[in-house]
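J.: Handing you this structure, nothing more for now.
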Amino acid sequence: ETKDAMNCIQKLEALPEDISQLLITTGAAGDLLGKNVFVVGGFVRDLLLEKKNLDIDLVIEGDGILFAEKLNKTLGGKLLSHSEFGTATIILDNDTTLDIVSARREYYEYPAALPKVEKSSLWNDLFRRDFTINCMAIQINSNGFGKLIDYFGGLEDVQNRKIRVLHNMSFIEDPTRIFRAIRFASRLNFEIDRETNNFIIEAIKGNMLSKVTDDRIREEFIHIIEDENISMSISLMNSLNIFKAMHSSLMITDDTIHKLSNIDSSAKEFSRFSNGSIDKRELIITQLLHNIPINKLSEVICKFINYRIIMTNVEMALQHKENVYNILMKEDVDKLTLHTILSQHSLENLIFYYNDCHNSYIKHYIMYYMLNLKNVKISITGKDLLDLNIKPGPIYKRILDETLKAKVLGKIYDKTDEIRYAVELYEKIKGEDDV
Ligand code: CTP
């Protein structure tokens, strides 16, 4: 234990100055109250892995809210207390967040006929958690600063790069941990321990995922696809039959997994066509669902996400795919056709088509559209037509559409051109109607 304590002091001192100072200050606040304070969970895991983590989870063996108030007198951050849970959060200016929970001494009832044993409050707090690598603590009181508390073999699992649960009921108690196991394995490039993997398989066979609400599943899935190394996560989900459990018509191919492994570079490559950022979630979900029968599509999409815009765009991409490919597969597609069919799609849809299709004409047209036509817009609006004393009606849409077409074809360039064109068009339409 002394050796471990030494280790962590060095690691704590190697943190950015403001973070290591913050831990010392926090420990000192515990000293003042005469209570033990520990930094726990993901922060400890990432410290051992030398990964940056700005979320500091603290366990205090005493009143967490009182402690948070005392501590924040020194820190001057934004304090949020949740008295019903005995927890508090302090948010500092540099985005660092301190989450404080109170641990209480409890009697632990072992199964079988073992006697009730009093466990330390810290042990209790850590035993409720998911994986050994997330269940370590480091004391930060001045006396004992840096001491690693590792009841469950977390350090060894960090060193051997293993995701391991504490006990065989972990996934039964909380099936969302199945998704967490996958996410951490992928993010850290760890292996799910064999026994833990078997517990997952059992839980899935036992239909535990059906006990989780759709909302929670979507939330965990979004966490996964917003995290690192998605192709590994998707591959793990697939080999654990999770997609099948989510919807019977989902089939993930090796090609899909391969394409997902290129998603980051693809998003980067196409980012020059976007003025905001590219929504990787949309790209991923479209790719995952690309071979779902169209009539099942809306029913499957909502298993993964419920953001309206993404749902609509994914549906657009997949419903129109055949049609778009059929039109663009030819040699002589004109600018107007290209604009008409591609302008209905999000940039993410276009990137999906570009990566999905194998035909060089299609690729060429999509690239041409993105480079030359995607940003063609007209500046005039209905308001300008009103200023020109044109009587409002269906004619507005016709004039604006025709003006846009002229601009796409390169017949007009700026707003003055547009107004002139709109006036001429109006005169012409009026003339036709008079005849
Ligand atoms: N936890 C758990 N079971 C869950 C969710 C969380 O046991 N279903 C525990 C984990 O031990 C974790 C802690 O609660 O360390 C905090 O959860 P969270 O903030 O989600 O995890 P982090 O480990 O901090 O992960 P991240 O780096 O993604 O923030």
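The values are calculated or read from the model by the stated rules, or taken from the named source; none is laboratory data. From a predicted model like this one, the values you see are computed outputs, not experimental measurements. Here Cβ is always computed from backbone atoms with ideal geometry, including for glycine, and neighbour counts include all displayed protein chains. Side chains are part of the model used for accessible areas, which takes the heavy atoms of the whole protein and leaves out ligands, DNA and RNA. Shrake-Rupley method; radii C 1.70, N 1.55, O 1.52, S 1.80 Å.
J.: Using the heavy atoms of the protein chains and a 1.4 angstrom probe, tell me the accessible area per residue for the chain in square angstrom.
T.: Ligands and nucleic acids excluded, the result is 52 Å² per residue.
J.: Return one number: the angle in degrees, 0 to 90 and rounded to the nearest 10, between the long axis of the Cα atoms of helix 415-434 and the longest principal axis of the Cα atoms of the chain.
T.: Roughly 50 degrees between the two axes.
J.: A further question follows. Give the calculated FRET efficiency between His82 and Lys296 to the nearest 0.05, with a Förster radius of 51 Å applied to their Cβ-Cβ distance. Spell out each step's value before the answer.
T.: Working: r = 42 Å, r/R0 = 0.83.
Working from the Cβ atoms, E equals 0.75.
J.: If you don't mind, another one. Find how much the distance from Thr416 to Asp214 grows on full extension, using 0.36 nm per residue of separation minus their present alpha carbon separation; answer in nm with one decimal.
T.: In short, 67.4 nm is gained.
J.: Ranked highest first by average number of other Cβ atoms within 10 Å, how do 412-420, 180-188 line up?
T.: Order by mean packing, descending: 180-188, 412-420.
J.: To continue, here is another question. Chymotrypsin sites (Phe, Trp or Tyr not before Pro), restricted to the stretch 338-402: which are DSSP loop and have at most 12 other Cβ atoms within 10 Å?
T.: Sparse-neighbourhood loop chymotrypsin sites (Phe, Trp or Tyr not before Pro): none present.
J.: What whole number of Å gives the distance from the Cα centroid of the stretch 180-231 to the Cα centroid of the stretch 244-261?
T.: 15 Å
J.: Cα axis of helix 308-328 to longest principal axis of the chain: angle in degrees, 0 to 90, nearest 10?
T.: The answer is roughly 50 degrees.
J.: Between the helical axis of 214-226 and the dominant principal axis of the chain, each derived from Cα atoms, what acute angle in degrees is found, rounded to the nearest 10?
T.: 80 degrees
J.: Subtract the Cα-Cα distance of Thr381 and Asn326 from 0.36 nm times their separation in residues, and report this length gain in nm to one decimal.
T.: So the extension gain works out to 16.5 nm.
J.: Follow-up question, since we're still on this one. What is the chain's relative contact order, in percent, from Cα pairs under 8 angstrom and six or more apart in sequence?
T.: 9 percent
J.: What spacing in nm lies between the two simple spin-label points modelled at Glu156 and Asn275, each 7 Å away from Cα in the Cβ direction?
T.: If labels sit at Glu156 and Asn275, their model points lie 5.8 nm apart.
J.: Binning at 10 angstrom from zero up to the longest distance, how are the C-alpha pair distances of the chain distributed in percent?
T.: Each 10 Å bin holds this share of Cα pairs: 4, 16, 20, 19, 15, 11, 8, 4, 1, 0, 0.
J.: Additional query: Each residue of the stretch 253-264 in turn: what ³J(HN,Hα) in whole Hz from Karplus with 6.51, -1.76, 1.60 and θ = phi - 60°, glycine and Pro shown as x?
T.: With the stated coefficients, the stretch 253-264 comes to 9, 4, 4, 4, 5, 4, 5, 5, 5, 9, 5, 5 Hz.
J.: Length gain on complete extension for the stretch His167 to Thr337, per 0.36 nm per residue less the alpha carbon to alpha carbon distance? Please report the intermediate quantities before stating the final value.
T.: Details: separation 170, 0.36 × 170 = 61.20 nm, distance 6.10 nm.
So the extension gain works out to 55.1 nm.
J.: Also, quick follow-up: At what distance in angstrom do the alpha carbon centres of the stretch 65-104 and the stretch 368-435 lie from each other?
T.: Here the two parts' Cα centres lie 59 Å apart.
J.: So the label point goes 7 Å from the Cα of Asn207 along Cα→C-beta, right? Which residues of the stretch 229-256 then have their backbone N under 14 Å from it?
T.: Inside the label zone: 245-246.
J.: Next question, about the same structure. So for the stretch 215-357, what are the equivalent ellipsoid semi-axes in whole Å, largest first, each being the square root of 5 times an eigenvalue of the Cα gyration tensor?
T.: Ellipsoid semi-axes (Å, largest first): 26, 17, 14.
J.: Run the dipole for the chain about the Cα centre, Lys and Arg Cβ at +1, Asp and Glu Cβ at -1, nothing else charged, and hand back the magnitude in debye, nearest 20. Write out the running numbers ahead of the final one.
T.: Working: 54 positive and 64 negative charges, 99 e Å.
Magnitude of the dipole: close to 480 debye.
J.: Out of the total accessible area of the chain (probe 1.4 Å, heavy atoms of protein only), what percent is carbon and sulfur?
T.: So the carbon and sulfur contribution to the accessible surface is 50 percent.
J.: Computed from the mean reciprocal separation of all distinct C-alpha pairs, what Kirkwood hydrodynamic radius does the stretch 2-155 have, in Å?
T.: The answer is 15.8 Å.
J.: Quick one: which of 329-336, 296-303 comes out on top by average Cβ neighbours within 10 Å, and what's the full order, highest first? Intermediate values should be presented prior to the final figure.
T.: On the way: 329-336: 12.0, 296-303: 15.8.
So the order, starting with the most tightly packed, is 296-303, 329-336.
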